[in-house]
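Notes follow the structure.
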Amino acid sequence: MKDTPQRLRSFAPPTRDKIFIWSAVISGCGIMALLGRHAAIHRFGTDHFTGNVLFAVFFVLSIGLYCGFQSVIEDVFNRLQSLFRRREIMAIAETANGEKMHVSVEEPSVTMTQYFETNSEVSDIEESNATFEKSTDKAPFEVLEVVDDMRHIRFPDGEEAYVGTGLSDEEIILEKAYSDSRDYDAELEEAYKEYLDSMTAEEQYDHDHGIKRVKKTREYDDEVGFFSSVSVQEIHNNPDGTTLIEETEQDVYVTPDGSVYYLEDMAPICEFYEKHKDDIESHKEILTRKQRCDEAFDKMKRHEELYNLEQVSFICAYLTHTMEQFMESHELDKLHNNAKIWTVNPLAQFDSVQLRSNHLSKEDLKHLGYNVGKFLKLKGENIALFIKNVFADSFGTVQVGTIIAKLADRNPGKDRIPLLSAKEMNYLFDHYKRYKTINLDIIPKRLAEEEAKAKLEAAKKTNRK
């Protein structure tokens, strides 16, 4: 039983034995308190008020003593009841036609009258004795302990549960069978499927691409004003020396820059609107156009976010493929973080990284920055600043202008990191989006394909002429 049903855990009605015990306890405590009151008044000469107080004290104390030793007393009563209770035995009875059935009896052996029915119209009844045998079936469950109105039981398969004492064995077995028959994994999967089916198109898109949206409300809108009210005071000095102040609440309109306009000052604005309202877009048209613009912007922003995520993933994969043999893992993580910031803010403050050895030359490091920077469509100045800040140990004394002038320098035969153009980096990016790997060998193939395609187009143009 995976989870004990709530109905089994509800409070069961008091049993007959429980009612009998508590009735006896209350009666006994009352009699003892009355005897104590009688002795206090007639034996020791106290007044009736003190006797009544003693009665209440004796009654409460006796009830408290019973509650303190309740478990011991109830255990004694249960043992006494078990001595005088008749044992029920499951017996197997066989009828005249050979059928067998289970019957609950109170004696080890009992006789049963069998009835036959003949083929004639008037049936003759013949009594025969059949002996019941004790059933060899095991008990459906084992009672470990009884706590108040609940039973702690264990089933043959090892599962345990707490059930009310008012439930019969048949009800407990039915609940056990129902609980075992339930497929919780299937139910959870069905509920999750219903949750996915209930999503809107936008929610489904966000769920498939791992996008989380959070709605935020601005406390104050800088683009529109708001209506409010101000108190206008008119002061009157009376001849008797007193002062009368009359306050009037007036509605005003507050613009985003803080200017206040009384409603009577807005009359020219209303006149202008009435004069040109036929030439101005209606409020509904403005809202419809704004909604279309917002939808187009959201769509463009969604695709831009996904494209940026793919860009960042590609850049990190390229840096790992190129630099993992020259840097420690924690330094490579710092380089990844710098590259992620670079995609958003080219002029940010970057953390410098340490190389494992001096195997890479300054030209190799410039090639690395040049390749990533050209893929991000950045200018030479931004690329040079990134290289100087990130690889500070190698370029600490080199001027930014010198790095810019020598970004595309090559050293054939000695370069460990090849210099790639923006077009070649895009080839790598297209290959990464499809196969999720960095393979520099595809660049010559793509260049050859582009060259063959260009020659074919030129030949077609020549044939047309």
Checklist outcome for this item: The local net charge around Lys406, scoring Lys/Arg +1 and Asp/Glu -1 for residues other than Lys406 whose Cβ lies under 14 Å from its Cβ, equals -1
Item to check | Neighbour-count order for Lys362, Lys388, Lys436, fewest beta carbons within 10 angstrom listed first | outcome: Lys436, Lys362, Lys388
Checklist entry - In sequence order, what are the phi-derived ³J(HN,Hα) couplings for segment 317-323 according to the Karplus relation 6.51 cos²θ - 1.76 cosθ + 1.60 with θ = phi - 60°, rounded to whole Hz, with x for glycine and proline? => result 5, 5, 5, 5, 4, 8, 10
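Starting with the fewest neighbours, write out Lys374, Lys433, Lys334 ranked by other beta-carbon atoms found within 10 Å of each beta-carbon.
Least crowded to most crowded, the residues run Lys433, Lys334, Lys374.
Since every read-out is calculated from the coordinates, none of them should be taken as a lab result. Fair warning: this is a prediction, and the values are worked out from it, not measured in the lab. Cβ sites come from the backbone with ideal geometry, for glycine too, and all protein chains shown count toward neighbours.
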